[in-house]
Amino acid sequence: MLTNPNGKEENPVADARFAESLGGEEYDDLLLALDFYQEFQEESGKALAQYIKEHCAGQVEVKVLEAGPGTGITTLQILKADPRVKVVSVDNESKMLEVVKSKFGGSEEYKDRSEFVLADILEYLESCPDGSFDAFVSVYTLHNFTPDFRKKVISVIARKLKSGGIFINGDKYSRDVKGHKQDLDGEFRNYEKFDSEAAKAEEAGDIGRAEHFRQIKEDWTKHTWEDDVNQITVEEQDEMFRELGFKDVNWLKRFDLVITVTAIKE
Ligand SMILES: C[S@@+](CC[C@H](N)C(=O)[O-])C[C@H]1O[C@@H](n2cnc3c(N)ncnc32)[C@H](O)[C@@H]1O
């Protein structure tokens, strides 16, 4: 097992990791390693669809704010949840935003219902009127934040959601110390699939592609260790929700380190 090279130091709030080998279109190579990726993303879409069905019957439009669209995998689930959804997706990495903009900008079905903004999520949230969103959705983004920054962001989301609005986050949450170690080991085992992809590429004579897979295995392993200093448990998130004025907290299906949580703004 590897040891965390970063000790207990916190990550910077916004770093350039998605500007390098894990960013842009290459981000989607992660789907080769994580078998559950699609199902996990669909959990957020289904939770949003169910909320809209039950709570937005008379509305012409359902306003959703997304933090960290990356290449748009979660954005697609948000848009598919209901035809009345209008989503504003905010990412602070231009390489990611270029990919997602070109994907949805060229789509007849989605281009008028999606807007992409290059900004830090906290700065963007502060610029919005209070109570202006029906839903906040984010997958694999908030775990990149330091504990203080995450709490600050969630406290501002609480203000910007309308009363009765929904918070949906699919992300890394620890069960407990022992469970976290097992889940983290599981995540690293998943990255071994990059070795099989490298071997396949080598067999096909594509040495460049084989090297690419070896490199991203190393980079995702490093990235995962870096994220690990920002750990949060299910219990700590429950406590934060209570403190920040959310109710009806619901934890969905766990896939190794990640799980989707929904909560309603009082
Ligand atoms: C791991 S990707 C997740 C992409 C997508 N939601 C998914 O699940 O595949 C996280 C994204 O969050 C963005 N991000 C990180 N910190 C941010 C911040 N402070 N404000 C806005 N976006 C941020 C990164 O640039 C990256 O595109």
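Overall, the anisotropy analysis places the stretch 177-226 in the oblate class: the square-rooted eigenvalues a ≥ b ≥ c of its C-alpha gyration tensor yield a/c not less than 1.5, with a/b not exceeding b/c. The accessible surface of the chain, taken with every protein chain in place and a 1.4 Å probe, is 50 percent carbon and sulfur. In a fully extended conformation the segment linking residue 86 and residue 50 would gain 11.3 nm over its present Cα-Cα distance, using 0.36 nm per residue. List the residues of the stretch 53-80 whose backbone N lies under 16 Å from a point placed 7 Å from the Cα of residue 42 along the Cα-to-Cβ direction. Correct set: 73-80.
The order of the peptides 121-131, 203-213 by mean Cβ neighbours within 10 Å, most packed first, is 121-131, 203-213. With all protein chains kept in place, the per residue accessible area of the chain amounts to 46 square angstrom at a probe of 1.4 angstrom. Annotation: the stretch 144-263 has a Kirkwood hydrodynamic radius of 16.4 angstrom, from the mean reciprocal C-alpha pair distance. Scoring 84-94, 180-190 by mean Cβ neighbours within 10 Å over their residues and listing the highest first yields 84-94, 180-190.
Can you tell me which lysines have their Cα less than 16 Å from the Cα of residue 151? Leave out same-chain residues fewer than eight positions away. In chain and number order, the partners are 160, 172, 265. Seen from all directions on average, the stretch 32-140 presents a Cα convex hull projection of 7.2 nm². Each principal axis of the chain carries a Cα extent, and these read 58, 45, 30 Å when sorted largest first. Label point of residue 109 set 7 angstrom out along Cα-Cβ; within the stretch 68-82, amide nitrogens under 20 Å from it belong to 69-82.
The values are calculated or read from the model by the stated rules, or taken from the named source; none is laboratory data. All of these numbers come straight from a predicted model, not from anything done at the bench. Glycine gets a Cβ as well: all are built from the backbone with ideal geometry, and neighbour counts include every protein chain shown. When the accessible area is computed, the model is the full protein with side chains, heavy atoms only, and any ligands, DNA or RNA have been set aside. Shrake-Rupley method; radii C 1.70, N 1.55, O 1.52, S 1.80 Å.
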